[in-house]
Amino acid sequence: LLNPYYLQIVMFFIINAIMGISIYFTLASGQLSLGAAGFMSVGAYVGAILSLKADLPIVVGIIIGGLVASLVAVIIGLPTTRLRGLYLAIATLGFGEVVRVIFLNLDIT
């Protein structure tokens, strides 16, 4: 099989490619959304906590993490639908920072 080092490099490449594609889709529509990292971190954090703390299989953690990230995206997306340009960028950047601060201060990790 693959060397663990190369496997980690491939995983980081795939994760960053998914992030890049998600940012490209919003840029292609003429918008600048800086919250993609926040949404991705919500899904990753929920999936990791469920897999490690609740002893769920990793696939179940990934699916539930994706669903939770989608739910958070809908909750954030509905109020920001009318924002355009710099206002959308500021709102989504603020969301990403709020997520970062919350995850840094949680006691579960």
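Each value in this text was obtained by applying a stated rule to the coordinates, not by laboratory testing. From a predicted model like this one, the values you see are computed outputs, not experimental measurements. Here the Cβ is made from the backbone with ideal geometry for all residues, glycine too, and neighbour counts use every protein chain on show.
Residues Asp107, Asp55, arranged from fewest to most other Cβ atoms within 10 angstrom of their Cβ, appear as Asp107, Asp55. Using a simple spin-label model with pseudo-atoms 7 Å out from Cα toward Cβ, Thr80 and Asn16 lie 2.3 nm apart. From least to most packed, judged by other beta carbons within 10 angstrom and beginning with the fewest, Leu50, Leu56, Leu104 follow the order Leu104, Leu56, Leu50.
Counting only DSSP H runs of at least 4 residues, each contributing -39500 (n - 2.57), and dividing by the residue count of the chain, the helix-based mean residue ellipticity at 222 nm comes to -26500 deg cm²/dmol. At q = 0.11, 0.22 Å⁻¹, what is the base-10 log of I(q)/I(0) for region 4-105 according to the Debye formula with one equal point scatterer per Cα and no solvent? Please give it to two decimals. The Cα Debye sum returns log10 ratios of -0.38, -1.23. Going from the fewest other Cβ atoms within 10 Å to the most, the residues Thr92, Thr26 appear in the order Thr26, Thr92.
Model label sites at Tyr24 and Leu52, defined 7 Å from Cα along the beta-carbon direction, differ in position by 3.2 nm. Restriction of the trypsin sites (Lys or Arg not before Pro) in region 79-109 to DSSP coil positions whose beta-carbon has at most 14 other beta-carbons within 10 angstrom yields Arg82, Arg84. For region 43-49, backbone phi angles converted through the Karplus equation (6.51, -1.76, 1.60; θ = phi - 60°) give residue-by-residue couplings of x, 5, 5, 5, x, 5, 5 Hz, Gly and Pro being listed as x.
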